[in-house]
1. Working out 0.36 nm times the residue gap between residue 27 and residue 6, then minus their Cα-Cα distance, what length gain in nm do you get to one decimal?
2. Which shape class applies to the chain: rounded if a/c is under 1.5, otherwise prolate when a/b exceeds b/c and oblate if not, where a ≥ b ≥ c are the square roots of the Cα gyration tensor eigenvalues?
3. May I ask you to list the residues of segment 83-119 whose amide nitrogen lies under 13 Å from a point 7 Å from Cα along the Cα→beta-carbon direction of residue 130?
4. Hey, what do the phi angles of segment 244-251 turn into as Karplus ³J(HN,Hα) couplings, whole Hz, using 6.51/-1.76/1.60 and θ = phi - 60°, x for Gly and Pro?
5. How much accessible area per residue does segment 222-343 have, in Å², with a 1.4 Å probe?
6. With a 10 Å radius around each residue's Cβ, average the other Cβ atoms per peptide and rank 111-117, 186-192, 345-351, highest first.
7. State the antiparallel share, in %, of DSSP beta bridges confined to the chain, rounding to the nearest 5.
8. Taking the C-alpha atoms of segment 195-324, how large are the radius of gyration and the largest Cα-Cα span, Dmax, in Å?
Amino acid sequence: MDYAATTPMSDKAMNAYLDTAKNFYENTESLHDSGQDAHDLLEHARSALGKLTGRDPRGIYFTGGGSDGNFLAITSLALGSKEKGKHIISSNVEHPSVDYALIYLETQGFEVTRIPVDETGKVTNRQIENYLRRDTILATIQHVNSETGIIQDLEELKLIFKKNDILFHSDCVQSFLKLDPEHFNSICLDSYTVSAHKIHGPKGTGSVYISPQAHISPIISGVTHERGFRPGTIDLPSIVSFVTAAEETLQLQQENYQHAAEMRKEFISLILMNKDIIFEGSSEGSPYILPVRIKGLEGQLVMQELNRRNIAVSTGSACKNGMQSPSKTLLAMGRNMSEAHGLVRVSLSRYTTKEHIYTLCHALNEITKQFLSDREVALR
């Protein structure tokens, strides 16, 4: 029940990886025939991903995953536009990999405005208008929040950025091939990042799309791979596996979405019977991510108790030195520190069954009764 963290590779993706590793192991930049065959396969994969997403293949760059892609895209776009200005707009609920890129750019003289979300977890154009400046060159706002599943209205946000000639990047790791395909393909983004292992592909692989019309300046100059976008020998087996997983997931996308929506409905109907369990998501959010908390209990405690029952979930926040950090998304939405510490993220995939949902809800009810009754006894 932790598929937002990662997914198992599908059989088709695994077979594509093995076949490519066996038959196309050469370096894609080698000039001999075998190297050129590997290069041709790389470009075929790029074209296939472009066709799948409705984007110009010339704007697709293969990366080492979502975090790598976010850092490379954001820094390359900012550095490529620094002559126009050095002001960047973001939100206060972004993924850590976006935060890392922005913090780095701040050390390079850029100024970042992190717009607070409203009580629903969303950024609105009305909020953005208050922070626009003449030197604003770039905005980076996630599509689906990895802690709560809240979906930002990128189409609406794009209107204000396009009007003001501001480049718009989005972390689409949790939305890629999980929402309506026409909806995703119709969003006119200048740049976005996706990751393979969220859609049953291999870890350590993903891609960035950057509009060919956007000027970029990669952080490391003089490299040869991916048209100078990033260094390092291309992992062709993982890329072919990634594109195979994407094609497979696209074919199942509507079916998978409906399945996740049904599992969410079942989950909510069961937990609503327990007044001590709070659902922190939205009916308009991603059905793949189900954020909950049990009143008065630490999320880490709930996670550990579920783990003892062989149920894997996430606290939805990073742990440092063994200490659970409160959910920054819930804090941004106005929850207090105790409530933010209580977040537990359940996340679904096409492999989730009703039996899994029943087992999870039964376990949550057991944990609630056990620990809240113990607390009441202690208070007496």
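The values are calculated or read from the model by the stated rules, or taken from the named source; none is laboratory data. What you see is a predicted model; the values in this text were computed from it and never measured. Methodologically, a virtual Cβ is constructed for each residue, glycine included, from the backbone with ideal geometry; neighbour enumeration extends over all protein chains shown. SASA here: full protein model, heavy atoms, side chains in, ligands and nucleic acids out. Shrake-Rupley method; radii C 1.70, N 1.55, O 1.52, S 1.80 Å.
1. Answer, rounded to one decimal: 4.7 nm.
2. oblate
3. 114-119
4. Whole-Hz 3J(HN,Hα) from phi for segment 244-251: 4, 5, 5, 5, 5, 5, 4, 4.
5. Using a 1.4 Å probe on heavy atoms only, each residue of segment 222-343 averages 47 Å².
6. Packing order, densest peptide first, comes out as 345-351, 186-192, 111-117.
7. Antiparallel bridges make up about 55 percent of those DSSP assigns within the chain.
8. Calculated on Cα positions, Rg and Dmax stand at 20.3, 60 Å.
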